[in-house]
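All remarks here apply to the structure that follows.
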Amino acid sequence: MGTGKLPIKNLLRKPGRTCALVLLTAFLALAVFGGSVVVRSLRGGLNSLEARLGADIIVVPGEMASKVDLKELFLQGTVGEYYMKASALDKVREVEGVEIAAPQTYLTSLKADCCAVKVQIIGIDPGVDFTVKPWIDRSLSRDLGDMELAVGCKVSTGVGENLRIYDRSCRVVAKLAETGTGFDTAVYCNMDTMKTLLAAAEEKGIVHRLTSDNGDRISAIYVKVAPGYDVSDIEVRLAAHVRKTKTVRTRTMITDVSESLAGIARTVSLLAVAVWALAFVVLLIAFAMMIAERRREFAVLRLLGTSRGGLTGLILTETALCSLAGGLLGVGVASLAVFPFTTLIESRLGLPYLTPSTGTVLALAGTTLLVTLLVGAIASAFAAWRLSRVDPGTTLREGA
C-alpha cells in the first residue's frame, strides 16, 4: 500500500494538532534566528566601528569629557559642538611616540535638503587623515577637494550629485560603507570647505559655537602610536603635555563593549538552549500523546502491509513537514521583527548595529531550519520506534 500522501492527509485531518506543533517549532525558530541575527549585528557594528576609528588614542576637549559619556558618544557615532585650540595638534605631535596625529572638526547635526534624517558635518585634513580617508579611497583615488563631500551610506545623495548645505552647493564624490552608527548620516569635507560652510551659515543667521572668526579650532585629534611604543605610556604623556584635554583609548573602549557583548551573547545562547530544551521536552510529550491516540490507525496500516520502516518514515515525514512549516514561519516573523527596525534597535541598545550580509543571514536561516528539523526528528523518532515494535493484532484487540 502506498503511503506517499498519507502524511499530508493526516496533518490536514487534525488541523488543531498540526497548528500547535507548527506554532511550537515556529517559536523555537523565532528565538534562535532572531537572537542570532541581533548578536551578529552587534558584533559586526563593533568591528566596523573599530576599523573606522582606526586610531590608538583620541584626544578631545576637556569640557567634552565632563559633559558627555565619551564611550557612548563614539560608539553611537554622534558628535557635538566641542572645540579646543588648533595649537593642541602641534602639542600632540611633539610627544615622543606619536606617529600620526590627524584633526577632525565637528558641527552639530543639521537637516539637509537631500535627506529624511539629519546629517552631521565632519571636517578632516586629507593630507594626514588615516581614519576616514582609507574608506574614502575605496571610491575616490584623490584627496577631497574644496566644496567636495564624502557622505555616509544613509545620506540619500549619490556620487556625482550635488548636496546643498546652508545654500552652498557641494559635490558628492564618494560614498562610505555602512558602519551601523551615526557616522552613516555624516558628511565629510576638508577644512577649507568647513570654513566656507561656516561663513554661509552666518550669512543665513545660523549661529554655531564654531564661527568663521574662530575657525582655527578643532574637535578631536586621532593619534596613531609609533611601533615600539606602549599605548598606555603615550596616553599618559599626552595627558601631561596637552592641557585641558581628555584622552580616549579606542582599544579599551572597544574591549569593554566587546566584553559586555560577549555577556549578551552568552545570555542569548543560554536562552536559546533553554528554549530548545523546553521545546524538545514539549515535542516529546506531544508526539507521545499523538502516537498513543493514533495507535489503532497505525495498527491498521501495519495489517494492510505497511512495514515498520514505512510506519516510522510516515511519522518522521509528518514531523518534518510540521517542523519545516514552523521553522519557515519563525524565521519569517523574526525577519519582520528585526530587519525593518534596525535603526530603532541601534538607538535602544546604544551600540553600533550593522546587519550581516545577505549570505550570512541566509546561512543563519538555513542553520535554524536544519536544527529545527533535527529537533523535531529526534523528538518523534523514539515514539515512532516504540510504536513500530507493538504488535498490531494486540493493539486492535485492546481497542475492541
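The values are calculated or read from the model by the stated rules, or taken from the named source; none is laboratory data. Remember, it's a predicted structure, so these values are computed and weren't measured experimentally. Because the Cβ atoms are built from the backbone with ideal geometry, glycine has one as well, and the counts that use them run over all protein chains shown.
The figures follow:
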| read-out | value |
| --- | --- |
| Some residue of the range 112-119 being modelled with pLDDT of 90 or more and not acidic (Asp, Glu) | no |
| Number of the condition not met by LEU324 [criteria: (1) modelled with pLDDT of 80 or more; (2) surrounded by 20 or more Cβ atoms within 10 Å (Cβ to Cβ)] | (2) |
| Residue selected from the range 340-354 under the condition part of a loop (DSSP other than H, G, I, E, B) and either modelled with pLDDT of 85 or more or hydrophobic (A, V, I, L, M, F, W, C) (or both), by the criterion nearest to GLY180 (Cα to Cα) | LEU354 |
| Criterion (modelled with pLDDT of 65 or more, surrounded by 22 or more Cβ atoms within 10 Å (Cβ to Cβ) and either under 26 Å from the mean Cα position of the chain (by Cα) or under 16 Å from VAL223 (Cβ atoms) (or both)) met by exactly one of LEU42, LEU89, LEU107 | LEU42 |
| Single residue of the range 134-161 satisfying the filter (of a type in the set (S, T, N, Q), over 18 Å from SER48 (Cα atoms) and surrounded by 13 or more Cβ atoms within 10 Å (Cβ to Cβ)) that is farthest from the chain's Cα centre (by Cα) | THR157 |
| Candidates LEU344, LEU354, LEU349, LEU324, filtered to the one that is in the same structural domain as GLY35 (by TED's automatic domain parsing) and more than 14 Å from the chain's Cα centre (by Cα) | LEU324 |
| Residue count for the range 157-199, restricted to those that are closer than 21 Å to SER357 by Cα and either assigned by TED's automatic domain parsing to the domain that holds SER41 or among the hydroxyl-bearing types (Ser, Thr, Tyr) (or both) | 3 |
| Residues of the range 124-151 satisfying the condition of being within 21 Å of ASP216 (Cα to Cα), in a loop (DSSP other than H, G, I, E, B) and aliphatic (A, V, I, L, M) | VAL128, VAL132, LEU144, MET147 |
| Single match in THR252, THR267 (criterion: more than 29 Å from LYS14 (Cα to Cα), surrounded by fewer than 18 Cβ atoms within 10 Å (Cβ to Cβ) and at pLDDT below 70) | THR252 |
| Cβ pairs under 8 Å, 6+ apart, first in the range 353-375 and in contact (Cβ under 8 Å) with a residue 60 or more places away in the chain, second acidic (Asp, Glu) and in a loop (DSSP other than H, G, I, E, B) | LEU354/GLU178 |
| Residue pairs meeting the criteria (Cβ under 7 Å; at least 6 apart or on separate chains; first over 20 Å from ASP192 (Cα atoms) and in the same structural domain as TYR188 (by TED's automatic domain parsing), in the range 130-156; second in a loop (DSSP other than H, G, I, E, B) and of a type in the set (Gly, Ala, Ser)) | TRP135/ALA177; CYS153/ALA177 |
| Filter result (modelled with pLDDT of 85 or more and outside any loop (DSSP other than H, G, I, E, B)) within the range 166-187 | ARG168, SER169, CYS170, ARG171, VAL172, VAL173, ALA174, LYS175, ALA186, VAL187 |
